[in-house]
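Participant: Below are the structure tokens for one structure; questions will follow.
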Amino acid sequence: MGAKRTAQRKVTISQIAKEAGVSKTAVSFAFNDPSQLSPATVNHIRTIAERLGYSPDPIARSMTTRRTNALGVLLPQDIATIMVNPFFPIFLRGVGAVCGTAGMTLMLVPPLWGSMLKAIPHATVDGFIVVGLEIDRGEVQQLRRRHVPFVMVDGDAPHDVPSINVDDRQGARAAMLHVLSLGHRRIAIVCLESWHHRYEEFTGTLAARFAGYRDGLAAYGRSIDDPDIQIVAAPTSRAGGVEAFTRLWQAEAPPTAIVAMSDITALGILEAAKAHGIRVPEEFSIVGFDDLPEAERAVPPLTTVRQPIEEKGRLAAEMLVAALDDEDSEPIHHILPTELLVRGSTCTPQLVYT
């Protein structure tokens, strides 16, 4: 007969209190609110707890302190899909740097059973960084109703909600002006997907970038409704770029330039063009938006609008930590600059399709 396995009993705060010669309340303070004790007492209690093999129960601790010491990033897609886009690892690097400094952990909160609304109540976090949601979506309204602190990134925030955006309108305007200045007139705009199906109803980042493209066209006496301007919505992914390219290149009058609202989509367009034997930029030009590391390494290097992605994540996390520390703090709305970077994926149109 084999040796009988004995389970190790969990160390309790009563045992620690007895060993340390203090009250159970003091032990609780040592882990949950050390400011109530002298540093020497805290060190004494924690040393004994470590020797006994004590590990605080995170759930019980959060019930006592009403804090989880975790920030949540509310994601619009599942984690596997999100991480394919290099934008998010860069953004999370900025968030993670603040978490490390503040002594907090980070939880990625993707949709639960296909619903972001269902995910929110199940996330044990102190507050959320909400990425890319339009203000009229139910998730934002639910956070407001539940009085959960949150910071909006890439979206139209109410005046009482902190937010981080970039100057999307100016960046998109610069992209459109660039292709127009090269002589392109048959231009396609590849948009981010939205639950709004008409561009007049776009909100947030999508609306700002679309407005910038319209501004650029207007400067040349053109309109978004001109027959030579095509608008295509595609998933923010390489596959979405391939899909957009296929639709546009099969059109009766293919564009000579494409401006895309994201680099990852633009890179997918570039890959699809190569697969079809289409030369870039000789047969058509491509402009992205983001300046991902892959943009500069692409062949040809991608002309794009740079936005400070890591800084955006860092500022969002700093603002959320500040809001958690002071619920009465005045909300701040940051707008970071953008910059057009001209590389090898754009040039004067050399072939005009009829």
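Participant: If residue 352 satisfies every condition in (1) at pLDDT 95 or above; (2) outside the structural domain of residue 248 (by TED's automatic domain parsing); (3) surrounded by fewer than 17 Cβ atoms within 10 Å (Cβ to Cβ) but one, which is the exception?
Facilitator: Condition not satisfied by residue 352: (1).
Participant: Condition (residue is farther than 30 Å from residue 343 by Cβ, in a helix (DSSP H, G or I) and within 19 Å of the chain's Cα centre (by Cα)) applied to the range 119-127: is it met by at least one residue?
Facilitator: yes
Participant: What's the total number of residues in the range 243-264 that are farther than 21 Å from residue 228 by Cβ and among the β-branched types (Val, Ile, Thr)?
Facilitator: 1
Participant: Please go through (1) modelled with pLDDT of 85 or more; (2) touching a strand residue (DSSP E or B) at 6+ places or on another chain (Cβ under 9 Å); (3) surrounded by 14 or more Cβ atoms within 10 Å (Cβ to Cβ) for residue 140 and return the number of the only condition it doesn't satisfy.
Facilitator: Result: residue 140 fails condition (1) only.
Participant: Limited to the range 153-164, what total is found for residues that are within 17 Å of residue 202 (Cα to Cα) and touching a Leu at 6+ places or on another chain (Cβ under 7 Å)?
Facilitator: The qualifying residues number 1.
Participant: Can I ask one more? Inspect the range 331-343 for any residue being crowded, with 21+ Cβ neighbours inside 10 Å and in contact with a Ser or Thr (Cβ under 8 Å, 6 or more places away or on another chain) and give the result as yes or no.
Facilitator: Taking every residue of the range 331-343 in turn, none turns out to be crowded, with 21+ Cβ neighbours inside 10 Å and in contact with a Ser or Thr (Cβ under 8 Å, 6 or more places away or on another chain).
Participant: From the set of residues in the range 124-137 that are in contact with a Gly (Cβ under 7 Å, 6 or more places away or on another chain) and either modelled with pLDDT under 85 or acidic (Asp, Glu) (or both), which is nearest to residue 207 (Cα to Cα)?
Facilitator: 134
Participant: Tell me, please, whether a residue that is surrounded by fewer than 22 Cβ atoms within 10 Å (Cβ to Cβ), out of contact with any Leu (no Cβ under 9 Å at 6 or more places or on another chain) and aliphatic (A, V, I, L, M) can be found in the range 211-228.
Facilitator: For the range 211-228, residues surrounded by fewer than 22 Cβ atoms within 10 Å (Cβ to Cβ), out of contact with any Leu (no Cβ under 9 Å at 6 or more places or on another chain) and aliphatic (A, V, I, L, M): present.
Participant: Would you confirm, using the coordinates I've provided, whether residue 143 is touching an Asp or Glu at 6+ places or on another chain (Cβ under 8 Å), in the same structural domain as residue 331 (by TED's automatic domain parsing) and farther than 26 Å from residue 266 by Cα?
Facilitator: No: the conditions fail for residue 143.
Participant: Would you confirm, using the coordinates I've provided, whether residue 317 is assigned by TED's automatic domain parsing to the domain that holds residue 89 and either closer than 18 Å to residue 339 by Cβ or modelled with pLDDT of 95 or more (or both)?
Facilitator: yes
The values are calculated or read from the model by the stated rules, or taken from the named source; none is laboratory data. Quantities reported herein were computed from a predicted structural model and do not represent experimental measurements. So basically every Cβ, Gly included, is an ideal-geometry build from the backbone, and we count neighbours across all protein chains shown.
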